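K.L.:
This is the structure I want to talk about, given as structure tokens.
The values are calculated or read from the model by the stated rules, or taken from the named source; none is laboratory data. Values in this document were obtained by computation on a predicted structure and should not be read as measured data. Reconstructed Cβ throughout: ideal geometry from the backbone, glycine too, with neighbour counts over all protein chains shown.
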Amino acid sequence: MDWAETLTDFGTIAALALCYIVILLAAKALKDFLTPYHLIEELAKKDNPAIGITLGGYFLGVSFIFVGVVSGPSVSLQQDIFEVFGYSLLGLVFLNISRWCLDKVVFSKFCNITAIVEDQNCGMAAVRCGVYVATGLIAGGSLHGEGGGVLTAVAFFVLGQVTLLFFTRVYDWLTPYHLQIEVEKGNLAAGIGFGGTLAAVGLIIGRSTFGSFAGWTENLILFGELAISGAILLFAARFLVDKLILTGHDLDAEISGDQNVAAGFLEMFCSIGFAIVLVALI
């Protein structure tokens, strides 16, 4: 056994693990700064489950960003740490932009913060959790690889985020119930189903932005092929779940009419599972 090499590898792992902890602390500090409520008070004193769901999705998104950055090409430990910090902080900016997009573009008819903080709306929290996870996957893919830089990372993140927002509109259009109304009134099943589907779409879009930058034309064509076809197939998967798994019952009626949380979880896990298989086959 080469002990010198083993110690070097251990030192690298320890240094990157420390970087991850620092990034998590930076993410929490940024979250505290940007939100009008106190996280610890909501979590520990008011026992607000909606805040716990939201914050959990936020930190999971941070983890996906860190993994996307740290799994890129290595140059030297010092330069790797510098780039990991720089690109991870950029990813945190991406993550918080996604929250603003959700509040102002997708669920603009009611105050999302009031729903989560005052109403403790877990349905809204599940959606925001899904957005954070999806954005973390997209940002991690955009920040991964070599051959590009900050400009390409920002460009593909914006492209991925626009695609995600477009998907939310299509989802709302295809479902017979009004998504905003269901989430606003605290329908946990609708929030879980939609949030899980967003995470699945984020996984597919993240894969389409993942890898080295070969050129604008080549990478844009690849993005379009994977993101669009993947989103279409996810809608097909939802149809199959409705017709083949919930035989004799209607998935939309279970979610909107009965507010069946089990149906929401079924939609979430089937969407994510289908996305994992699709990404593995690409």
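K.L.:
If we keep just the residues of the stretch 247-257 that are of a type outside the set (A, V, I, L, M) and closer than 16 Å to E184 by Cα, which is surrounded by the fewest Cβ atoms within 10 Å (Cβ to Cβ)?
P.N.:
Among them, the one singled out is G257.
K.L.:
Here's something else I'd like to know. Please enumerate the residues belonging to the stretch 172-187 that are surrounded by 24 or more Cβ atoms within 10 Å (Cβ to Cβ) and part of a helix (DSSP H, G or I). Break it down stepwise before answering.
P.N.:
Restricting attention to the stretch 172-187, the residues satisfying the condition of being surrounded by 24 or more Cβ atoms within 10 Å (Cβ to Cβ) are 183, 187.
Once the filter is applied, which keeps residues that are surrounded by 24 or more Cβ atoms within 10 Å (Cβ to Cβ) and part of a helix (DSSP H, G or I), the stretch 172-187 yields only V183.
K.L.:
Only one residue in G141, G160, G86, G130 is under 20 Å from G61 (Cα atoms) and touching a Leu at 6+ places or on another chain (Cβ under 7 Å). Which one?
P.N.:
Details: G141 fails: touching a Leu at 6+ places or on another chain (Cβ under 7 Å); G160 fails: touching a Leu at 6+ places or on another chain (Cβ under 7 Å); G86 fails: touching a Leu at 6+ places or on another chain (Cβ under 7 Å).
Criteria check complete, one pass: G130.
K.L.:
Just the residues that are among the hydrophobic types (A, V, I, L, M, F, W, C), more than 25 Å from the chain's Cα centre (by Cα) and over 13 Å from G193 (Cβ atoms), please, taken from the stretch 215-267.
P.N.:
L244, I245
K.L.:
What are the residues in the stretch 100-124 that are assigned to a helix (DSSP H, G or I), surrounded by fewer than 15 Cβ atoms within 10 Å (Cβ to Cβ) and not hydrophobic (A, V, I, L, M, F, W, C), if any?
P.N.:
If the condition is that a residue be assigned to a helix (DSSP H, G or I), surrounded by fewer than 15 Cβ atoms within 10 Å (Cβ to Cβ) and not hydrophobic (A, V, I, L, M, F, W, C), then K104, T114 are the ones that fit.
K.L.:
All but one of (1) farther than 17 Å from A155 by Cβ; (2) outside any helix (DSSP H, G or I); (3) modelled with pLDDT under 85 hold for K243; state the number of the condition that does not hold.
P.N.:
Condition (2) is where K243 drops out.
K.L.:
Could you please give the count of residues in the stretch 68-88 that are surrounded by fewer than 16 Cβ atoms within 10 Å (Cβ to Cβ) and either modelled with pLDDT of 90 or more or not aromatic (F, W, Y) (or both)?
P.N.:
Qualifying residue count, the stretch 68-88: 9.
K.L.:
Moving on. Here are some residues: L220, L198. Which one is over 17 Å from V241 (Cβ atoms), touching a Leu at 6+ places or on another chain (Cβ under 9 Å) and in a helix (DSSP H, G or I)?
P.N.:
L220
K.L.:
From the list G130, G140, G136, G160, exactly one residue is more than 20 Å from L55 (Cα to Cα) and crowded, with 23+ Cβ neighbours inside 10 Å. Which is it?
P.N.:
G160
K.L.:
Would the stretch 205-213 turn up any residue that is touching a helix residue (DSSP H, G or I) at 6+ places or on another chain (Cβ under 9 Å), under 29 Å from C111 (Cβ atoms) and in contact (Cβ under 8 Å) with a residue 60 or more places away in the chain?
P.N.:
Yes: one or more hits.
K.L.:
Shifting gears a bit: Quick check on A280: is it part of a helix (DSSP H, G or I), among the hydrophobic types (A, V, I, L, M, F, W, C) and surrounded by fewer than 13 Cβ atoms within 10 Å (Cβ to Cβ)?
P.N.:
Spelling it out, A280 is indeed part of a helix (DSSP H, G or I), among the hydrophobic types (A, V, I, L, M, F, W, C) and surrounded by fewer than 13 Cβ atoms within 10 Å (Cβ to Cβ).
K.L.:
Only residues that are under 16 Å from I116 (Cα atoms) and out of contact with any Ser or Thr (no Cβ under 7 Å at 6 or more places or on another chain): list them for the stretch 159-186, please. First the steps, then the outcome.
P.N.:
Going residue by residue through the stretch 159-186, those that are under 16 Å from I116 (Cα atoms) are 180-186.
Correct list: Q180, I181, V183, E184, K185, G186.
K.L.:
I'm trying to understand the selection: among the residues of the stretch 259-280, which are without any contact (Cβ under 8 Å) to a residue 24 or more places away in the chain and under 15 Å from A236 (Cβ atoms)?
P.N.:
Matches in the stretch 259-280: G273, V277.
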